[in-house]
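J.: Let me begin by handing over the structure; questions about it come next.
Just so it is clear, none of the values below were taken in a lab; they were calculated from the coordinates. Fair warning: this is a prediction, and the values are worked out from it, not measured in the lab. Because the Cβ atoms are built from the backbone with ideal geometry, glycine has one as well, and the counts that use them run over all protein chains shown.
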Amino acid sequence: MSATTPTRELYDRYVIPTYARFELRLARGRGSEVWDEDGRRYLDFGAGIAVTSIGHCHPRVVRVMQEQIATLVHTSNLYFTRPQAVLAERLVRLTCAPGPPRGKVFFCNSGAEANEGLYKLARKFGNEGVPPAPTHTVGELVAACQNRHTVITMHGSFHGRTLAGIAATGQEKVKKGFEPLVEGFVQVEFNNGPALLAAVQEPGTVAVLLEPVQGERGIHSASPDFMRLARELCDRHEMLLMFDEVQCGLGRTGDWCGWKTLAGGALMPDAVSWAKGIAGGFPLGAIWVSDRSVTLKTGATIPLCDLLGPGSHGTTFGGTPLVSAGANEVLAVIEEEGMLENARTLGPHAKAAIEAIGSPLICEVRSVGLMLAFELVPDFAERVPAAKERGPSLFVVDRLHEAGLLTVPSGTHAIRWLPPLNVKRSEIDEAASILARVLGAIAG
Ligand code: PLP
């Protein structure tokens, strides 16, 4: 039955409708291109929402994974396996470069799960670490008697769809219907120093979590000063500074670390989460935790990266030999084929190409490396009444699909370009000419 039933019908009948999917049935891909079930070609400037970081079916990754799948796929984390060990070393090295590799990594399966690791790290740090010594006020004395557990996150942020993830996320729409929310998260305005200062002074706060580049919100960067202030406040209040690099990490900004593109390598967080592009399309998430010292209430002093000790956290599939071998090869390809450099040079080229269209329907283009978004004018739906039903960004994304370009909407008015890190200049020029044609036709 299913061999002949159209894909769309099988979805309608058997897949829980959590996604409002586009009417595209994709069948295969290569590099920055994908083809649908009818053989129609598209330029893939969504890359599975920043996941297929070195394009579809890179021959080196195909070969390594074919070899690994025929050797050892899964063992559980009851045992040691070489690919996971090598990948951990690589991730620690590239996080700390040019300094010596410090800290350790935990592997999981997705961005939301990686962030869960960060929340648990923060809770354990708050429950078992010695809080900062009270200096002046009764409020500080009272606070010092409590276990700290509140994580400060940002308005507009996105941290995933688990229960804690939606509590951490600074967008009401993801929380709706799932109350009561997991306790212990507060949001402050992104890039608002005084708001952050006020929040860290509240009793019970233990960590700050932020995306250096807010991806789902449509490519909004943390200011270097805001990140430095967060570091300074976390140091002063004995809190953890944690970066969600699920979307902006591992090459997308033109550096292994998104925050280094924005604020330089001198700034180091205490922990980082990754997923998306880490294994080029295979499900893998990870966190890096620094080796800064933590003094425990027991009197012992340990590195932060050993705080989540045996039995405290785990996941069956995290860092299987198969996915780890793939991720190792993806990261080696990025390094050896100059893709960080490609993101650094072609990101600005793509931004300039969108700006050069000079469309009256675009009011802003934002970018960091190969994370780009263009903002449609606020009165788009008044200017283009046909867009009223779907909303501006979905309306334009639909028209771009018809013209052979895949892009990703961000909210009602922004559209992202997140092409593979090895996208070619000619492909960017082709995407820009499709966009120019589509916007020209819409504007009439
Ligand atoms: N954090 C950020 C910054 C993200 O962009 C996303 C996904 O878009 C997530 C976390 C959640 O990742 P996942 O969908 O793999 O759970």
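J.: Using a basic spin-label model with each label point 7 Å from the Cα along Cα→Cβ, how many nm lie between residue 312 and residue 89?
T.: My value for the distance between the label points is 2.5 nm.
J.: In nm, give the distance between the simple-model label positions of residue 182 and residue 341, each being 7 Å from the Cα along the Cα-to-Cβ direction.
T.: 4.2
J.: Provide the gained length on full extension for the span residue 78 to residue 402, in nm with one decimal, where the gain is 0.36 nm per separating residue minus the Cα-Cα distance. Could the numbers behind the result be given before it?
T.: On the way: separation 324, 0.36 × 324 = 116.64 nm, distance 4.90 nm.
Length gained, residue 78 through residue 402: 111.7 nm.
J.: Now a separate question. Can you tell me what share of the DSSP beta bridges in the chain is antiparallel? A percent to the nearest 5 is fine.
T.: On the way: 36 of 53 bridges.
The antiparallel proportion sits near 70 percent.
J.: Shifting gears a bit: Residue by residue through region 194-207, what is 3J(HN,Hα) from phi via Karplus (6.51 cos²θ - 1.76 cosθ + 1.60, θ = phi - 60°)? Round to whole Hz and write x for glycine and proline.
T.: Per-residue couplings from phi come out as x, 5, 5, 4, 5, 5, 5, 7, 5, x, x, 7, 10, 7 Hz.
J.: What share of all Cα pairs of the chain, in percent, falls into each consecutive 20 Å distance bin?
T.: Each 20 Å bin holds this share of Cα pairs: 24, 56, 19, 1.
J.: I'd like the Karplus ³J(HN,Hα) series for region 303-315: coefficients 6.51, -1.76, 1.60, θ = phi - 60°, whole numbers in Hz, and an x wherever there's a Gly or Pro.
T.: Coupling constants for region 303-315: x, 3, 5, 9, 5, 7, x, x, x, 8, 7, x, 6 Hz.
J.: Still on this structure: What nm value, rounded to one decimal, do you get for the distance between residue 69 and residue 57 when each label is placed 7 Å out toward the C-beta?
T.: Computed distance between label sites residue 69 and residue 57 equals 1.2 nm.
J.: Mind listing the long-range amide H neighbours of residue 364? Cut-off is under 5 Å, sequence gap 5 or more, other chains count too, H placed in the peptide plane at 1.01 Å from N.
T.: HN-HN under 5 Å from residue 364: 375.
J.: Give or take rounding to whole Å, what are the principal axis extents of the alpha carbon atoms in region 330-444, in descending order?
T.: On the principal axes, region 330-444 reaches 49, 23, 23 Å in Cα extent.
J.: Another question, if that's okay. Provide 371, 65 in ascending order of the number of other Cβ atoms located within 10 Å of each residue's Cβ, fewest first. Before the final figure, lay out each step's value.
T.: Details: 371 27, 65 20.
Ranked by crowding around the Cβ, least crowded first: 65, 371.
J.: Taking the beta-carbon count within 10 Å as an exposure proxy, list 398, 38 from fewest neighbours to most.
T.: On the way: 398 17, 38 7.
By the 10 Å Cβ count, ascending: 38, 398.
J.: Another question, then. Based on DSSP H runs of at least 4 residues, each adding -39500 (n - 2.57), what is the mean residue ellipticity at 222 nm of the chain after dividing by all its residues, to the nearest 500 deg cm²/dmol?
T.: Numbers: 16 runs with 170 residues, N = 444.
Rounded to the nearest 500, it is -11500 deg cm²/dmol.
J.: Two decimals is fine: what is log10 I(q)/I(0) at q = 0.24, 0.25 Å⁻¹ for region 78-152, from a Debye sum with one equal scatterer on every Cα and no solvent?
T.: These q points yield log10 I(q)/I(0) values of -1.10, -1.13.
J.: Dividing the convex hull volume of the Cα atoms of region 33-173 by its residue count, what figure in Å³ per residue is obtained?
T.: For region 33-173, the hull spanned by Cα atoms encloses 230 Å³ per residue.
J.: HN-Hα J couplings of region 239-249 from phi, Karplus 6.51/-1.76/1.60, θ = phi - 60°, integer Hz, Gly and Pro as x?
T.: Couplings: 10, 9, 9, 10, 10, 8, 9, 4, 9, 9, x Hz.
J.: Next question. Going 7 Å from the Cα of residue 223 along its beta-carbon direction, which residues of region 172-193 have the amide nitrogen within less than 18 Å of the resulting point?
T.: 188-193
J.: Rounded to whole Å and ordered largest first, report the semi-axes of the equivalent ellipsoid of region 4-50 derived from its Cα gyration tensor (root of 5λ).
T.: Details: eigenvalues 95, 42, 10 Å².
Semi-axes, largest first: 22, 14, 7 Å.
J.: Within a 10 angstrom radius of the beta carbon, how do 410, 2 rank from fewest other beta carbons to most? Intermediate values should be presented prior to the final figure.
T.: Details: 410 21, 2 9.
Ascending Cβ contact count within 10 Å gives the list 2, 410.
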